[in-house]
1. Kindly state which strands (runs of 3 or more DSSP E) lie completely within the chain and contain at least 3 residues that are surrounded by 15 or more Cβ atoms within 10 Å (Cβ to Cβ) and at pLDDT 95 or above.
2. I'm checking my understanding of the structure. Among residues of region 50-101 that are free of Cβ contacts under 8 Å to residues at least 60 places away in the same chain and touching a Leu at 6+ places or on another chain (Cβ under 8 Å), which one is farthest from S16 (Cα to Cα)?
Amino acid sequence: MWNQTDNGETIGTIGSESGEIIKDEEHSKGARLTLEKGGDIAPYSITSGVYGCFFHTIYLSTLEEGVNELYAMKAEISEFFDTETTSDEEHDWIMAFVGRH
C-alpha cells in the first residue's frame with residue numbers, strides 16, 4: 001500500500017535533486033517514490049527506490065510526464081512486491097525497471 005511519506009510533511013521541502021518535493025510516497029513493503037520540481041538538472045525528477053535493492057533517478061521536462069511516470073512506477077513496484085521472485089529474477093526485474101525508466 002502506498003502512503004504519503006512522513007504524513008505529508010516532506011511536501012514543499014527540498015529533495016535529493018535540490019528541487020521542491022511535490023509528491024512523496026512510500027510503499028508499506030519498502031519502497032519510495034519522490035517527485036520534485038525545479039531541481040538542478042531538469043524541471044522535474046523522480047527518485048525511486050526499493051529498499052535494499054536500488055535507487056534510481058529520472059529527469060523529465062513536464063509535470064504531466066512526471067505524474068505519468070510516477071503512476072507507472074507505482075504500479076510496477078506494487079506488482080513486484082506481489083510476486084515471489086528468486087534473486088536472479090529480482091536482478092532481472094531491477095535491470096528492466098531501470099531500463100524502462
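The values are calculated or read from the model by the stated rules, or taken from the named source; none is laboratory data. Just so it is clear, the structure is predicted and the values come from calculations on it, not from any experiment. Neighbour counts are summed over all protein chains in view; Cβ atoms, including those assigned to glycine, are modelled from backbone coordinates with ideal geometry.
1. On the way: elements: 2-4, 20-27, 31-37, 44-50, 54-60.
Qualifying strands (runs of 3 or more DSSP E): 20-27, 31-37, 44-50, 54-60.
2. The first filter runs over region 50-101 and keeps only residues free of Cβ contacts under 8 Å to residues at least 60 places away in the same chain, leaving 50-73, 75-77, 79-101.
Subsequent filtering for residues that are touching a Leu at 6+ places or on another chain (Cβ under 8 Å) retains 66-67, 69-70, 73, 77.
Values: G66: 16, V67: 18, E69: 18, L70: 16, M73: 18, I77: 20 Å.
Applying the filter and picking the extreme gives I77.
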